[in-house]
Amino acid sequence: MIRNYLKIAWRNLVKNKVSSFINIIGLAVGMAVAILIGLWIYDELSFNKNFPNYDRIAVAMQNQYINNETQTWNSEAITLGPALRNNYGSNFKHVLMAGWTGGHLLTINNKTITESGNYIEPGITDMLSLQMIKGTRGGLHDAESILLSQSAATAIFGDADPMNRILKLDKKLNVKVTGVYADLPYNSSFGDLAFITPWQLLVNANHYDTFFNNPWGASWFQTFLQIADNADMNKVSAAIKDVKMNAIRNHDDARFKPVIFLQPMSKWHLYADFKDGINTGGRIQYVWLFGIIGIFVLLLACINFMNLSTARSEKRAREVGIRKAIGSARNQLIVQFYSESLLIAVFAFFLSLLIVQLALPFFNDVADKRMSVLWSHPLFWLTGISFSIITGLIAGSYPALYLSGFKPVKVLKGSFRVGRLAAIPRKALVVTQFTVSVVLIIGTMVVFQQIQYAKNRPVGYSSNGLVFVPLQTDDITKQYDAVKNDLLASGAVANIAESESKISDIYISNSGLKWAGKDPNLQEEFATMCVTTGFGKTVDWKIVEGRDFSDAFPSDSSAIVINEAAVKYTGLKHPIGETIDWNGNGKFRIIGVVKDMITRSPYEPVKQTYFYLPRKWNHLSNINIKINPQVSAHEALSKIGAIFKKYDPATPFNYQFIDQDYAKKFDNEERIGKLASCFAGLAIFISCLGLFGMASFMAEQRIKEIGIRKVLGATVFNLWQLLSKDFVALIIVSLFIATPVSYYFMHKWLLGYQYRTEITWWIFATAAAGAMILTLLTVSYQSIRAALANPVKSLKTE
């Protein structure tokens, strides 16, 4: 019996090729979108969960009360680790001080490569439960050791045994390979950790044990922790909150009221945003956003399925009547209709898997993921097959339960009529489809408008031809004057200067400054950057008042240049010549004011900033180069690279164009925008596919009416209007619903940015026009085709 049901279901699919194709393709695309989004959400929610101690690992963070608001930092003082071990040791299994993961040079013989690594205390191997391929987890107890990831070991040594080989780290520290560990997963906070060296090596190399006048005042490092097995994360966090305040209670820094707290590993990825000291979320909002989009896109596909299934089923009323007349029971008809729906849903599911497999490389590239279909995961198959069955049952419920209840006498006598109200549910579903699609379109347009708005914001300096070269060794720094002279003599370089950080990302802040008229209650904080003379000409900053640094003025060693935001912040009406007392570092005279430059987030106000020339404690490890505009970038970089190789032959020449580096600040928003636009496009495609099917059905249903109207003189345009106006009316209704809904959600999203665009009327007008044009194009094919049909054939009776 089941075989007969499936055979009849297959024959119906083949007989109604167009509607079957639309049903299967539309549902398959919707399922594919849902699977892709599901894989993305699974990847996001499983971030860091590969670590066995996931729920007991945390990073120390601190809140500082500055300028009447609480700022949250993930950097800590070098003294925090020892203080926690000494005073709260029973609460922790590990307290580990660490630097910051970044690129470093690894050299053996004449081979040098750049790998990403960090200086961390030895307990990190147990905290992360590293899988050791060679050596043991105790390899970091030697202060001059290094653990390599498997990929890093292969890159350096190939197939040779790396154990006990000596590497030179950043061309100045000798380290011995004491172990090789399996690469850490890409979807983890340590996914780029290609090597680990002991924290003590960093301390010894930079003399950090005696370097700081006020060790608690420099929050330069990270502190990772693993709480004790019997401890509670929230209770431990509450217990340590005053550890820094207690240490600096009699120091000037106490006015910032620092509070230390633990941020669990479970929140590192999805809950990284803080506002006024309170965790406000983070990427979790995108998990919810794409989850909702996935549900709605899948809903659109199901609406198509249900619409076309119910529409087609009305034509089968006579079939039901005949089958009931010759003895078919109602339950047999119910099983038959359900079989057809389930067959379509199963076909669509397996087709969706093919679509997902083909789309994954593109999707991974856009989303910056390394996902794969979970072929061996039972939950994946259980979810997919269950959904297919549920979709088939829901879509088949109308024909199965409604049509199977017809009285055969009425159907066969021709007295059965579906009625005008039967189309109302289908119209409501079409309105729902386009409402969702238009909301997605408007949302995508607002995202890209916000990105463009921030991109068009004046940066305050010239990034054209500006190259940033990070120096990983001291070779260039020691020979800077010679390098500078050769670069200028090459004709490829217009200007050159050193700096503490790159102009597009000033990450250093300082306090402890005093000036005339300062409010004694002000908890000051400035972004600061140490530069050499010529920096202003290199980045082409704009002097508003006063002058730039100059070698002609030896006194500039105690001078600073501030930005316009700093002028407003200090309240100095005539800043040139005023003195800033930098507590412990001397007095500095303001010699110039420059226009505000975007040196941090393009979505936030410019921070008060001052620039100063090198002091004895500064280490300038970055070079800024302005390429000669008369020389091509390719030729210039070739000459620049050759000069760097001349003075530092063993180090790879690495550089970044500042404009490209600045563009990376928009990566997250652009990635979200691209994903949203893809899903919005697919939603429109699914909606139009359903609209095409409905238009085809309506044209077929009204074929005799069209024939009569043509005989009576109706033109093709008249008939096109007749068949299109109902659909246009539905789209207008959906636009009226979608407009306020999309405005509400996108306005709420924009409130998360201090520097934000306005939602303008043309976005809604463009979305409305686009939806209307797509509707007319979709419907017009079937409308015009029906209008051009020969009325003789249309009116011919069977």
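The values are calculated or read from the model by the stated rules, or taken from the named source; none is laboratory data. Given the structure is predicted, the values throughout are model-derived calculations rather than measurements. All Cβ positions, even for glycine, are placed from backbone atoms using ideal geometry, and neighbour counts span all protein chains on display. When the accessible area is computed, the model is the full protein with side chains, heavy atoms only, and any ligands, DNA or RNA have been set aside. Shrake-Rupley method; radii C 1.70, N 1.55, O 1.52, S 1.80 Å.
Here the alpha carbons of segment 482-584 define both size measures, Rg and Dmax, at 15.8, 53 Å.
Sorted largest first by accessible area at a 1.4 angstrom probe radius, with every protein chain in place, the residues Tyr744, Tyr54, Tyr480 fall in the order Tyr744, Tyr54, Tyr480. Among the protein heavy atoms, those of Arg756 account for about 90 Å² of accessible surface (1.4 Å probe, every chain in place). Accessible area ranking (1.4 Å probe, heavy atoms, ligands and nucleic acids excluded), largest first, for Cys530, Cys302: Cys302, Cys530.
What is the pair-distance distribution P(r) of segment 642-770, computed from all Cα-Cα distances in 5 Å bins starting at 0, with each bin given as a whole percent? In order of increasing distance, the bins hold 2, 7, 10, 13, 12, 9, 8, 7, 7, 6, 5, 4, 3, 2, 2, 1, 1, 1, 0 percent. Sorted largest first by accessible area at a 1.4 angstrom probe radius, with every protein chain in place, the residues His104, His634 fall in the order His634, His104. Max-minus-min Cα coordinates of segment 530-689 on each principal axis give 73, 48, 32 Å, with the largest extent listed first. Taken per residue, the accessible surface of the chain reaches 47 Å², heavy atoms only and a 1.4 Å probe.
Would you list, by chain and number, the aspartates and glutamates whose Cα falls below 14 Å from the Cα of Lys478, excluding same-chain residues fewer than 8 positions away? The qualifying aspartates and glutamates are Glu498, Asp648. Across segment 77-213, Cα pairs under 8 Å and at least six residues apart give a relative contact order of 28 percent. Cross-link partners for Lys595 among the aspartates and glutamates, with Cα-Cα distance under 13 Å and sequence neighbours closer than 8 places in the same chain left out: Asp540, Glu545, Asp548, Glu564. Estimated purely from DSSP H runs of n ≥ 4, each contributing -39500 (n - 2.57), the mean residue ellipticity at 222 nm for the chain is -16000 deg cm²/dmol once divided by its residues.
Cα-Cα over 26 Å: which of Lys257/Lys607; Lys502/Lys674; Lys111/Lys639; Lys171/Lys244; Lys49/Lys748? Flagged as over cut-off: Lys502/Lys674; Lys171/Lys244; Lys49/Lys748.
Residue ranges 654-667, 195-208 sort as 195-208, 654-667 when ordered by packing (mean number of other C-beta atoms within 10 Å per residue, highest first). Averaging the sequence gap over all C-alpha pairs within less than 8 Å and six or more residues apart, then dividing by the number of residues, gives the chain a relative contact order of 15 percent.
Counting only protein heavy atoms and using a 1.4 Å probe, the accessible area of Leu342 comes to about 50 Å². Taking only the C-alpha atoms of segment 183-259, the Rg (one decimal) and the largest Cα-Cα distance, Dmax (whole number), read 16.6, 46 Å. Overall, the accessible surface of the chain at a probe of 1.4 angstrom is composed of carbon and sulfur to the extent of 57 percent.
The modelled label-to-label distance for the pair Asp474/Met132, using points 7 Å beyond Cα in the direction of Cβ, is 3.4 nm. Taking the Cα atoms only, what angle lies between the long axis of helix 716-750 and the longest principal axis of the chain, rounded to 10 degrees? Approximately 30 degrees, to the nearest 10. Accessible area of Trp73 (1.4 Å probe, protein heavy atoms only, ligands and nucleic acids ignored): about 70 Å².
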